[in-house]
Each structure stands twice: as C-alpha cells, then as structure tokens.
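Asker: Encoded as structure tokens, here's the structure I'll be asking about.
The values are calculated or read from the model by the stated rules, or taken from the named source; none is laboratory data. This is a predicted model, so every value here is computed, not measured. A quick note on method: Cβ atoms are made from the backbone with ideal geometry, for glycine too, and the neighbour counts reach across all protein chains shown. Ligands, DNA and RNA are excluded from the accessible area calculation, which covers all protein heavy atoms including side chains. Shrake-Rupley method; radii C 1.70, N 1.55, O 1.52, S 1.80 Å.
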Amino acid sequence: MTSQNPTFYPAEDRVKMAASLRCFLRSGKNAVSALRRQAFHGSAPAAVQVTVRDALNQAMDEELERDERVFLLGEEVAQYDGAYKVSRGLWKKYGDKRIIDTPISEMGFAGIAVGSAMAGLRPICEFMTFNFSMQAIDQVINSAAKTYYMSAGLQAVPIVFRGPNGSSAGVAAQHSQCFAAWYSHCPGLKVVSPWNSEDAKGLLKAAIRDDNPVVFLENELMYGVAFEMSEETQSKDFTIPIGKAKIERQGNHVTLVSHSRYVGHCLDAAAVLAKEGIECEVINMRTIRPMDVETIETSVMKTNHLVTVEGGWPQFGVGAEICARIMEGPAFNYLDSPVTRVTGVDIPMPYAKILEDHSVPQIKDIIFSVKKTLNV
Amino acid sequence: MTSVWRFVSNALCRITGRKVGSTVVVSNSLNEFTTRASFDIKKCDLHGLEAGPPLKTELSRDEGLRFYRTMQVMRRMELKADQLYKQKIIRGFCHLYDGQEACAAGVEAAIDPSDHLITAYRAHGYTYTRGVSVREILAELTGRRGGVAKGKGGSMHMYAPNFYGGNGIVGAQVPLGAGIALACKYQGNNQICVTLYGDGAANQGQIFEAFNMAALWKLPCLFICENNKYGMGTSVERASASTDYYKRGHFMPGIRVDGMDVLCVREATKFAADHCRTGKGPIIMELQTYRYHGHSMSDPGVSYRTREEIQEVRSKNDPISLLKERMLSSNMASVEEFKEIDIEIRKEVEDATQFATSDSEPPLEELCNHIFSNNPPLQVRGTHPWAKLKSSS
C-alpha cells in the first residue's frame, strides 16, 4: 500500500537522503559507525528499512482500516497523494468519503474537523505545515483542547492534528517555525514529536486511538530518512504510549535530551564524544506534553549533567521548561553544573544556505556544549 | 355559528391592531376551546429558491400552550439570571436571550431531538430547549456542583446530548456545526445540524470558509443567523456592507424569517430542515429578532439604541404576547389558563433559584479533573512546585 513504485523518490526525497548522508559524514571521523548505528542495530530477522514517510503512511492506513470512524482531511491529502506524499495511496484505497481534499481554509477545515470529532468521528486533520496552523489555532485550543474540561467531561474531542513542524531546507522565515512550545503550553492537548520511523508509526497510531486532541509534530527533513523497523514494530497493533520518553543511548557522563530531528544530531554527537571517552545518555522525548520528567530526572541523577537540544527558539522553549522542571524536582541536587540549552538561533529563519545552516543547532554545537557543561 | 366567531375574531383583531387573520375551526360547544386553528404567517424573503415556506400554518391548542410555556420559561429564567447577576451571585459573562424566545422555541419544534444544534454564547434559551432543566442552567450560572457542567463551564459552556454549547469565540461555532453536519452525512443517519450565529458573527471569515465547504460537500447543515440588529454595540448598518444576511451565503439558498413569530420560525425551520435532509445541501435562515437586554449584563444597552426602540418592540412585537393574543383571539385558551401557567413557571424558576443559590460549589478535588478523556490519572502542577494535584478523567 505504500509506494507503488519503491525505486522512485521525488526530488525532495533525494535531497533529504543526501542531506542525511551528509549529516552522517559531518558527524565525522567515522561515518561508518554512524551508519551502522542507524541501519543495523539489533539482529531481528525480519527487520526492514522503512522511511519515516512510509511509517506514517502505514500508521494511517492501518488505523483507517481498523476503525471506520477514522478519516483524513487537509489540503492535497487525496488526489495529490499529500503535499509531502505522506498520504500516498490512501485516497486510491479509501476514496472520497475517508480521504478529503479541502480548500485552502485552515480555520474552516480545522473547525469542521473538531466538530466532526465532537459528533462521533475520529478525524486526522493535516496542516500542510504547522506554520499554517496559526490560522486555525483558535479551533485547536479553544474548541478542541478546552472542551472536555469546560463541559466537565460531557464532550470529548478525539482528534489528531498532524503535519510537518519546524525548519525545513531553504523555505525561509514564514515556513520554518517550531510550534512545540506554543502547543505544549496548553492544558487539554497532548503534543507528540516523533524522531524515527518506529516513533512515527507507534505514536501516530496511539494518537489516532487516543480520545483526546493530539498535536502530532512531524519533521519534513525526516520524511525521507530510513530506519530499521523490527518485526514487532511492524505489527498492526504496535503503538507507543504517549507520555513516555525513550533512552536511545545509555551513558554515564551527561544526559542529552531532545525531540524530533535533533535526537539524531545528539546520537551523532554522542558517537564523536565517545571517542574522547565521554559517554552521553541520549533521551528521545517522544512526547512533549505530558512531559516524561521522571525519565530525565532519573538520568540526571545518574550523570549529574544535562544538555537539552531543540530546533525551536530559546525563549520560553522546550529546553526552558525542562530547566524549570529539573530545578523544581529531586534531580536539581544532583547537578554538577547548570543545565545547558542548545536551541535554534533567536531570529526568523533566513534563506541563504550558509545563514540557514547557522540558524539551527549543528552537531558541533552539541559537542561544544557538552564539553562546556562538563568543563573539559 | 361560524360567522359569530369570525365576527368576534375580527373585532379582537381590530382591538389588538394585529393582523391575525384566522380561519376558525369550531369545536363542539361554546364552553370548550378551539382545538386547532389556522394562521396566516408572514411571507419569507427568498434567495436562490423558487418556493419558500407556506403562508399558512396550523396550530393545535396543546402545541400553542407548549410554545407559550417554553417561551415563558425562557423569559422568566433570563430575568431571574438578570436579578442574580445584579446581586453578584452570577459572575463574569451573562448574555441574556429575552426577546428572542420565538427563535429557540420555533427551531426546536421543527427538528428532532436526534438532530444536532450548536450556537454561540447567548445560549441559555437553546440549552433549555435542548433538554437541560432550568435548575441545572441556573446552578451552572451560579457556579455550583449541580450545574450542567458541574460549575466548570459557566454561562457560555453548557452542553447536552446533541447540543454542542455554548461557544465563547465569535464565529468559531460555525465551522464546528458544519463538522457536525459532516459527521451526520458520513454516518448516513439522516440527521441535520442547526448551526446558529449572530449578525455580528456574520462577518467572520471562518463562516464563509464553512459556507464554502458545506455547499461544496452538500453537508446537511442549517445555518441560522439570529439577526437581533446589534453586534454588541454596533448596529448592523455600521458593521455590514450588506445587511441581507440571508443572501450572504451567495451560492447557498437563503430565507429571511420573522423571528418574533414562533409559528413563522417553526414553518421556516421545517422547510429548511427538509431541504437539508433531502440532500440538497446547506441553507441559511435569517431570523429577524430583537434582544431586550444589552449585549451582556455589563451593557445597559441604551448607549447605542434608544429606550423608545426597545419599548416599541416590547409593546408591539413581543413574541410571547404575539402568541398569547393569537390564541386568545382564536379562543384556544383563556386568560386564566395563561395566568395559571405563569404561576407554575414562577414556582419552577423560584425552586431552581433556591437550588442554584444553596447548592455547594464544586469541591476543590474537582479542580484538575476532566483534562483528558479516558486517560489514567495524571499529576497536574499547582500554583507552586509543592502543589502536586491529581487529575482524573
């Protein structure tokens, strides 16, 4: 059901794959170990390589098949196969009733999606990018997030808002904002930010099955990146619990906490640092709200050092929230140095490549920050 | 005998100055009331329609008394809310519906309980017609645990089966209503969604987005604009380049209806609901109505309109009086009967008030509940880090 033509990748995919390859090579001295880490972890016999895009596609396909109340609406999701081809093949399989192309009316169709959820359906509302969700943000917050509370439990809103979030490549300021902090500010919403294919599939399935409004933040640069998926993760019932972080790499010297694309950057940085004898514990948040603080605290109480890494702006960001929580909890007394935040630069995203590259955290920034935090 | 009644009826018409032409159906004896009568109703202006609602309607005595009762309950409930607000027992926002009763009563009479309805913040009337008791409405306004939303919603956030509030953000309820209609069509249940908004909201962009999609996808959505001539303090002439709200759907058919005549509202809604239900797609109804109170309880309502105007509507066009006079002049009920109903209603509202002012406030343990549906309990941060509060579904 995924790709009718598995060897054909649109231009953007080839660019993304080249970007991820460059990323591995940038991580430096040893590209092979990076590749090995990505592609060949675990020796499950029936593991396959699946791109994040295909993992999302599979998740939606399986949930559409499982529950006839589930449907997808958004711009270009049907006949165009999705602006980023995430919903490729779904319209052909499920037709006009379940896969609905909308006019360019974010506020309108987000409201329609929320209304349909109130009346018993389980919509997946796609924003072409989360930048456009700002047009509809009132429906997400005031109509979706708050309703179960305002009605004292009379009216649930089982809806998923999904789409690419954060920076892409060369799309400039209006198309590059990260909304993790904005949505995670609000009670009544769950906010999820997958990194790899397993995350994408398991979390999207969980989000669709959740009876609450879930903001599902994807990343365009990750769509074309392939990861190994074990046999277990390929099962139609495989879901990942919302609200639980995952430790991607064990380590003793410093805790790196990240979400989405930057988890990969953290792992690359960890590989470089390992050669210098610094062992990083890398935590993939997976869910931003409700945040799994316990996993972070347990790790900090072991490593005594914390570095947060995100693509969004620093002020009032995800890292800022983590800092505050650590200070308020048991892990504070275990810190040997203040928490360090690695974030996007506090500017609108520029266009020129050299400027764009320097607007987001690079692997060298993470390495530098870790060393500063460890005072080495 | 018929001519005698017609003479009486005509005389009464001249006395009341009302064009209540009626063909009277006489029952068995002089002492009994007319059980059924036919009334002329005002012709509706049409947009994009060849034919509209009928010009005559029948009303039975029972239906008439029910209408009277429903509208009088709404009236007394809103006036009680006014009183409680002035006593500071109701706080925050309180947008009262008195004057507009015929809209809520007429609409509900023309749809089924299994149909859906959503409106904006002037919602107490619809909350009642959609099945919530006066007791639960007033207790919600006073913020008590016996309120329909356990005191957590307040005036603008009351819900019931197939009633989706009560919505505070002007215009946001319109796409929601179109979405509910989409669910009806998706599920093939032959139900419609009545989606209400005001003359102020009629200029919201998202409404036109909803119109477009509803028409495109032929959603069974009955859009109703309650035009009470003022969006807060701004008259329709000062807010809209076109005040023909029934035409604002452009490609969507529309009807303009006398919203002060409950029978007119009922017939028009029947017509419009049928249009939706038979797969013809969405339709707009503009109900021309009036609110006696200001925009909300913090608005005296006389800085942007004259007291004379309000008084004029009260004396000449009040929806409850209109119905009462019709029924009296057709001998469908007596003055004493109406008085008795008023007394019953007064008691009902007093009892509800007694409950709403004596019931306890919600327990503090409820503070963080109802964040998520169907979810294991979670911890919620209180005002400081040591306040670890519990949230259940």
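Asker: Which whole number gives the average, over all residues in A:66-74, of C-beta atoms from other chains lying within 10 Å of the residue C-beta? Please list the in-between numbers first.
Answerer: Values: counts 0, 0, 2, 3, 0, 3, 0, 3, 0.
Rounded to a whole number, the mean comes out at 1.
Asker: Could you list which residues have their amide H under 5 Å from that of A:Leu306, counting only those 5 or more apart in sequence or on another chain, with H placed in the peptide plane?
Answerer: For A:Leu306, the qualifying residues are A:Thr255, A:Thr340.
Asker: Measure up A:Lys85/A:Lys275; B:Lys42/B:Lys280; A:Lys146/A:Lys371; A:Lys190/A:Lys371; B:Lys56/B:Lys280; B:Lys43/B:Lys280 against 31 Å on the Cα-Cα distance and list the ones that go over. Walk me through the intermediate numbers first.
Answerer: Numbers: A:Lys85/A:Lys275 39 Å; B:Lys42/B:Lys280 25 Å; A:Lys146/A:Lys371 43 Å; A:Lys190/A:Lys371 34 Å; B:Lys56/B:Lys280 24 Å; B:Lys43/B:Lys280 22 Å.
In this structure, A:Lys85/A:Lys275; A:Lys146/A:Lys371; A:Lys190/A:Lys371 exceed 31 Å between Cα atoms.
Asker: Roughly speaking, to the nearest percent, how much of segment A:50-234's 1.4 Å accessible area is carbon and sulfur? List each step's numbers first, then the result.
Answerer: Details: 2460 of 5000 Å².
Answer for segment A:50-234 is 49 percent, counting heavy atoms of protein chains only.
Asker: Further, regarding this structure: For segment A:265-319, what is the relative contact order in percent, using Cα pairs closer than 8 Å and at least 6 residues apart in sequence? Don't skip to the end; give the middle numbers.
Answerer: Values: 21 pairs, mean separation 12.2, N = 55.
Relative contact order, segment A:265-319: 22 percent.
Asker: Hey, what's segment A:105-218 come to in accessible area per residue, 1.4 Å probe, Å²? All intermediate terms of the calculation are to be shown ahead of the outcome.
Answerer: Numbers: 2360 Å² over 114 residues.
Per-residue value: 21 Å².
Asker: Related question: Counting only residues 5 or more places away or on other chains, whose amide H sits under 5 Å from the amide H of B:Val194 once H atoms are built in the peptide plane?
Answerer: Placed amide hydrogens put B:His116, B:Leu117, B:Ile118, B:Leu222 under 5 Å from B:Val194.
Asker: Taking all pairs of different Cα atoms in segment A:222-376, averaging 1/r and flipping that mean, what Kirkwood radius in angstroms comes out? Display every interim value, and only then the final one.
Answerer: Numbers: mean 1/r = 0.0618 Å⁻¹.
So the Kirkwood estimate lands at 16.2 Å.
Asker: Are there residues in segment B:344-380 whose accessible area shrinks by at least 40 Å² when all protein chains are included rather than the chain by itself, and which are they (probe 1.4 Å, ligands and nucleic acids not counted)?
Answerer: So the qualifying set is B:His370, B:Ile371, B:Phe372, B:Ser373.
Asker: Kindly state, to the nearest 0.05, the FRET efficiency for A:His358 paired with A:Ile104, given R0 = 30 Å and r defined as their beta-carbon distance.
Answerer: Details: r = 33 Å, r/R0 = 1.10.
The computed FRET efficiency comes out at 0.35.
Asker: Still on this structure: Which FRET efficiency value, to the nearest 0.05, do you get for A:Tyr80 and B:Leu46 by plugging their Cβ-Cβ distance into 1/(1 + (r/R0)^6) with R0 = 41 Å? Each step should come with its number before you reach the end.
Answerer: On the way: r = 39 Å, r/R0 = 0.95.
With R0 = 41 Å, the Cβ-Cβ based efficiency is 0.55.
Asker: When chain B is treated as a GNM, springs tying every alpha-carbon pair under 10 Å, which of B:Glu309, B:Glu286, B:Glu101 comes out with the largest mean-square fluctuation?
Answerer: Greatest mean-square fluctuation among the candidates belongs to B:Glu309.
Asker: Quick check: the angle from helix A:262-275's long axis to the longest principal axis of chain A, C-alpha only, nearest 10 degrees?
Answerer: Tilt of helix A:262-275: around 20 degrees.
Asker: To continue, here is another question. Please state the equivalent ellipsoid semi-axes for segment B:94-161: what are the square roots of 5 times the Cα gyration tensor eigenvalues, largest first, in whole Å? Can you show the working numbers first?
Answerer: Details: eigenvalues 81, 35, 17 Å².
Square roots of five times the eigenvalues give 20, 13, 9 Å.
Asker: Normalising by the residue count of chain A, find the relative contact order in percent from Cα pairs under 8 Å and 6+ residues apart. Spell out each step's value before the answer.
Answerer: Numbers: 772 pairs, mean separation 59.0, N = 376.
Value for chain A: 16 percent.
Asker: By how many degrees, 0 to 90 and rounded to 10, does the Cα axis of helix A:318-328 deviate from the longest principal axis of chain A?
Answerer: 60 degrees
Asker: Spelling out what I want: for every residue of segment A:240-255, take phi, set θ = phi - 60°, compute 6.51 cos²θ - 1.76 cosθ + 1.60 (Karplus), and round to whole Hz; glycine and proline get x.
Answerer: 10, x, 6, x, 10, 7, 10, 8, 7, 8, 7, x, 10, 9, 7, 9
Asker: Treating cross-link reach as a plain straight distance, find the lysines whose alpha-carbon is under 20 Å from the alpha-carbon of A:Lys236, omitting any fewer than eight places away in the same chain.
Answerer: Correct list for A:Lys236: A:Lys93, A:Lys201, A:Lys205.
Asker: With the other protein chains left in place, how much accessible area per residue, in square angstrom, belongs to segment B:158-310 at a 1.4 angstrom probe? It would help to have the intermediate numbers written out before the result.
Answerer: Numbers: 4860 Å² over 153 residues.
Each residue of segment B:158-310 exposes 32 Å² on average to a 1.4 Å probe.
Asker: In square nanometres, what is the average projected area of the Cα convex hull of the protein assembly as shown?
Answerer: Details: hull surface 145.7 nm².
Here the figure is 36.4 nm², rounded to one decimal.
Asker: How far is it, in nm, from the label point at A:Glu279 to the one at A:Lys92 when both lie 7 Å from their Cα along the line to the Cβ?
Answerer: About 4.9 nm, to one decimal.
Asker: Keeping the other protein chains in place, figure out the carbon and sulfur percent of the accessible area of segment B:37-362, with a 1.4 Å probe. Could you put the intermediate results ahead of the total?
Answerer: Values: 5900 of 12030 Å².
Of the solvent-accessible surface of segment B:37-362, carbon and sulfur hold 49 percent.
Asker: How big is the equivalent ellipsoid of segment A:50-234 along its three axes, where each semi-axis is √(5λ) from the Cα gyration tensor, reported in whole Å from largest to smallest? Before the final figure, lay out each step's value.
Answerer: Working: eigenvalues 104, 72, 55 Å².
Each semi-axis is the square root of five times an eigenvalue, giving 23, 19, 17 Å.
Asker: Between segment B:131-176 and segment A:47-121, what is the C-alpha centre distance in whole Å?
Answerer: Between the Cα centre of segment B:131-176 and that of segment A:47-121, the gap is 32 Å.
Asker: Is segment B:37-362 rounded, prolate or oblate when judged by the Cα gyration tensor, a ≥ b ≥ c being the square roots of its eigenvalues, rounded requiring a/c under 1.5 and prolate requiring a/b larger than b/c? Each step should come with its number before you reach the end.
Answerer: On the way: a/c = 1.42, a/b = 1.20, b/c = 1.18.
Taking the square roots of the gyration eigenvalues as a ≥ b ≥ c, segment B:37-362 is rounded.
Asker: Report the accessible surface area buried between chains B and A, summing both sides, using a 1.4 Å probe on protein heavy atoms only, in Å² rounded to the nearest 100. Show your work: numbers first, answer last.
Answerer: Values: alone 18650 and 16400 Å², together 31530 Å².
Buried area (both sides, nearest 100 Å²): 3500 Å².
Asker: In peptide A:136-146, how many Cβ atoms from other protein chains are near each Cβ within 10 Å, on average?
Answerer: Working: counts 3, 0, 4, 6, 0, 1, 4, 10, 1, 1, 4.
Shielding by partners across A:136-146 averages 3.
Asker: Ratio of segment B:174-288's C-alpha Rg to 2.2 N^0.38 Å, to two decimals?
Answerer: Working: Rg = 13.5 Å, N = 115, 2.2 N^0.38 = 13.4 Å.
So the Cα radius of gyration is 1.01 times the expected 2.2 N^0.38 Å.
Asker: Output the relative contact order of segment A:50-234, whole-number percent, from Cα pairs under 8 angstrom with separation of 6+ residues.
Answerer: 26 percent
Asker: Rule-of-thumb check for segment A:249-315: C-alpha Rg over 2.2 N^0.38 Å? Before the final figure, lay out the partial values.
Answerer: Details: Rg = 11.5 Å, N = 67, 2.2 N^0.38 = 10.9 Å.
So the Cα radius of gyration is 1.06 times the expected 2.2 N^0.38 Å.
Asker: Any idea what angle helix B:335-358 forms with the longest principal axis of chain B, computed on alpha-carbon atoms, 0 to 90 degrees, nearest 10?
Answerer: Tilt relative to chain B: about 10 degrees.
Asker: Can you compute 3J(HN,Hα) from phi for each residue in segment B:122-131, using the Karplus curve 6.51 cos²θ - 1.76 cosθ + 1.60 with θ = phi - 60°, rounded to whole Hz and x for Gly and Pro?
Answerer: Per-residue couplings from phi come out as 8, 10, 4, x, 5, 4, 5, 5, 8, x Hz.
Asker: Let me ask another. Just give the residues from segment A:153-199 buried by at least 50 square angstrom of accessible area in the all-chains context relative to the isolated chain, probe 1.4 Å, and say none if nothing qualifies.
Answerer: A:Leu154
Asker: Also, quick follow-up: How big, on average over all directions, is the shadow cast by the Cα convex hull of chain A, in nm²?
Answerer: Working: hull surface 71.9 nm².
Value for chain A: 18.0 nm².
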